[in-house]
Amino acid sequence: MVTTLAMIILAGLILQALIGMAFFISSIFEREKRATILGGIQLSGMIFLALGFLYLYLNGLFNSGPGGISLFLLFCLGLGGVIFFFRSTRPNEKALKGAKGYVVGEAGRFDERDHVFARNRSLLPGSEQYAAYYRDHPEWEDMDAKRREKGGPTGRPGSIDSPNADANVAGTLASASLSHYLSEPDKYSPEPHIALREKVTRKKVEMGLDEATTRIKGYAKALGASLVGVTKINPLWVYSHRGEIFNNNWEDWGKTIHVHHGYAIVCVEEMNKNMVGSAPHTPTCLESMINYAKGSYITTQLAGYIANMGYSATANHFRHYDTILPPLAADAGLGEVGRLGYLITKKYGPRVRLSIVTTDLELTEDKPVDIGVEDFCKICKKCAVCCPSKSIPHEEMTVERGLLRWKLDAQSCFEYWGKIGTDCNVCMNVCPWSHADTIPHQIIKTLITRNQYARKLFNLMDDIFYGKKPKPKSPEKWAQFGTWK
């Protein structure tokens, strides 16, 4: 009995040391100096503990009465800890209903004209639309005018890294140009079969739900999507009126947006962790635009694929949105919306960009998931603590337009973007869910997905190993400049 218990405990200690070694190697891979140092100390302690236990066993300490009792208590303590942190605690019923689980009142559709981006990019001083909008919203006119004078959504691009930002800004603008090119109606919403250039009418490709879903998801991933989910479209997540204008289609401004499709195919594009790690500097903005371009390409191709099979489809990407993406992504089972306002996926955290295709092609829906984000975000608050513009709330969720949510201060966030000339991404970088998808972090994410106590433990550990306010790190070598070289 003593030998059996000792071997079980020793196996557990060795396994613990192996996980510690994996974390140490992962920290080196992630270029996390603090975590590497502390991980090395932790690994040394784990190895010493395992060797110490083995030494005591080989010297017969556990064969005595007190030693045997100590061994049994140690076994019970270890087994109790495993059960305590590995067991599944009470699920979040709201999350399991998707975004609609957070509808607590009379919710209404959001007007795209009120979006801070639309006001800054699409309202031209002196235009009829400008006068009409600020007649109804005089409280924003002076603020928006001052921001507009700075040159655009991100002010003077790359100003935080001036005069070393030119190459990264050039890449950012190049990526944005692809999305703009794909913002014309015939590209984001192709007519069925038009892309085939055939003079004869073809019948629709008939498929069962499962086959259609398999083909659609497979094609999207082949194009470069990291994750793909499907959901029926909740009308609440469709913008009420058009506010963004990119091709001088001013006749569309203020028109009611109608989406006649029943399904949304949601694509997730992973952002490079090393590039995001430089936030709020220009490499992270460049990485954003690279992935917005990917999303534009993926969804335009996917819409064309569906159109060529005889169905209607519309791409929603960086330069054309009919829908609000995070709640649809939550409905499609790709994650939950966190305190910072982004979708948080289990695999990549908020370190992603989203794009969507709406379609009348019937597909198999994915179910919403509960990965513990709401509970974790209540404990963590790291994004709010680290936010340079103090735009992320520290408080509990509030009801906004009939939705229970953490309400981001879009005005102050946007103001900071204009000041530094990038899209910041500090919140995305510091989120504990954003760590690299390595084995130790996979284990941790599995635990915090299942167990509310593990969320508290690993939130504390994240502060210890990575710091409460992580500093920007060097990006990929090709995007480095100045002191990073």
**Q.** Qualifying residue in the stretch 356-376 (condition: part of a helix (DSSP H, G or I) and closer than 23 Å to ASN272 by Cα)
**A.** yes
Q) Which residue out of ALA118, ALA131 is assigned to a helix (DSSP H, G or I), in contact (Cβ under 8 Å) with a residue 40 or more places away in the chain and either β-branched (Val, Ile, Thr) or out of contact with any Phe, Trp or Tyr (no Cβ under 7 Å at 6 or more places or on another chain) (or both)? A) ALA118
Q: State the number of residues belonging to the stretch 372-412 that are crowded, with 22+ Cβ neighbours inside 10 Å and closer than 21 Å to ASN451 by Cα.
A: 6
Q) Among the residues of the stretch 97-119, is any among the charged types (D, E, K, R), modelled with pLDDT of 95 or more and more than 30 Å from ILE233 (Cβ to Cβ)? A) no
Q: Could you check GLU395 against (1) of a type outside the set (Ser, Thr, Tyr); (2) within 16 Å of the chain's Cα centre (by Cα); (3) closer than 29 Å to VAL104 by Cα and say which number it fails?
A: (2)
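Here's the yes/no breakdown for (1) within 28 Å of CYS285 (Cβ to Cβ); (2) at pLDDT 85 or above; (3) assigned to a helix (DSSP H, G or I):
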| site | (1), (2), (3) |
| --- | --- |
| GLY126 | no, yes, no |
| ARG135 | no, yes, yes |
| GLU139 | no, yes, yes |
| LYS146 | yes, no, yes |
| GLY152 | yes, no, no |
| PRO157 | yes, yes, no |
Q.
Please go through the stretch 86-106 and give me each residue that is surrounded by fewer than 16 Cβ atoms within 10 Å (Cβ to Cβ) and in a helix (DSSP H, G or I), ordered by number.
A. PHE86, LEU96
Q: Would you point out which residue out of SER177, SER183 is closer than 30 Å to MET309 by Cα, modelled with pLDDT of 90 or more, in the same structural domain as TYR239 (by TED's automatic domain parsing) and part of a helix (DSSP H, G or I)?
A: SER177
**Q.** The lone exception for ILE444 - which of (1) aliphatic (A, V, I, L, M); (2) touching a helix residue (DSSP H, G or I) at 6+ places or on another chain (Cβ under 6 Å); (3) farther than 14 Å from PHE85 by Cα it fails
**A.** (3)
Q: Give the residue, chosen from ASP423, ASP366, that is under 25 Å from VAL266 (Cβ atoms), assigned by TED's automatic domain parsing to the domain that holds VAL266 and in contact with a Phe, Trp or Tyr (Cβ under 7 Å, 6 or more places away or on another chain).
A: ASP423
Q. Counting residues that are touching a residue at least 40 places away in the same chain (Cβ under 8 Å) and closer than 28 Å to ILE28 by Cα, which helices (runs of 4 or more DSSP H) fully inside the stretch 382-485 reach at least 3?
A. 382-386, 426-430, 439-450, 452-466
Q | Set LEU51, LEU56, LEU79, LEU71: member being surrounded by 11 or more Cβ atoms within 10 Å (Cβ to Cβ) and touching a residue at least 12 places away in the same chain (Cβ under 8 Å) | A | LEU71
Q. Looking at the stretch 161-172, which of its residues are under 17 Å from TRP478 (Cβ atoms) and either of a type outside the set (D, E, K, R) or buried (at least 20 other Cβ atoms within 10 Å of the Cβ) (or both)?
A. ASP161, ASN164, ALA165, ALA167, ASN168, VAL169, ALA170, GLY171, THR172
Q. Of the residues GLY304, GLY333, which is surrounded by fewer than 24 Cβ atoms within 10 Å (Cβ to Cβ) and not in a helix (DSSP H, G or I)?
A. GLY333
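The values are calculated or read from the model by the stated rules, or taken from the named source; none is laboratory data. Just so it is clear, the structure is predicted and the values come from calculations on it, not from any experiment. Quick reminder, even Gly has a Cβ in these numbers, built from the backbone with ideal geometry, and neighbours come from all protein chains shown.
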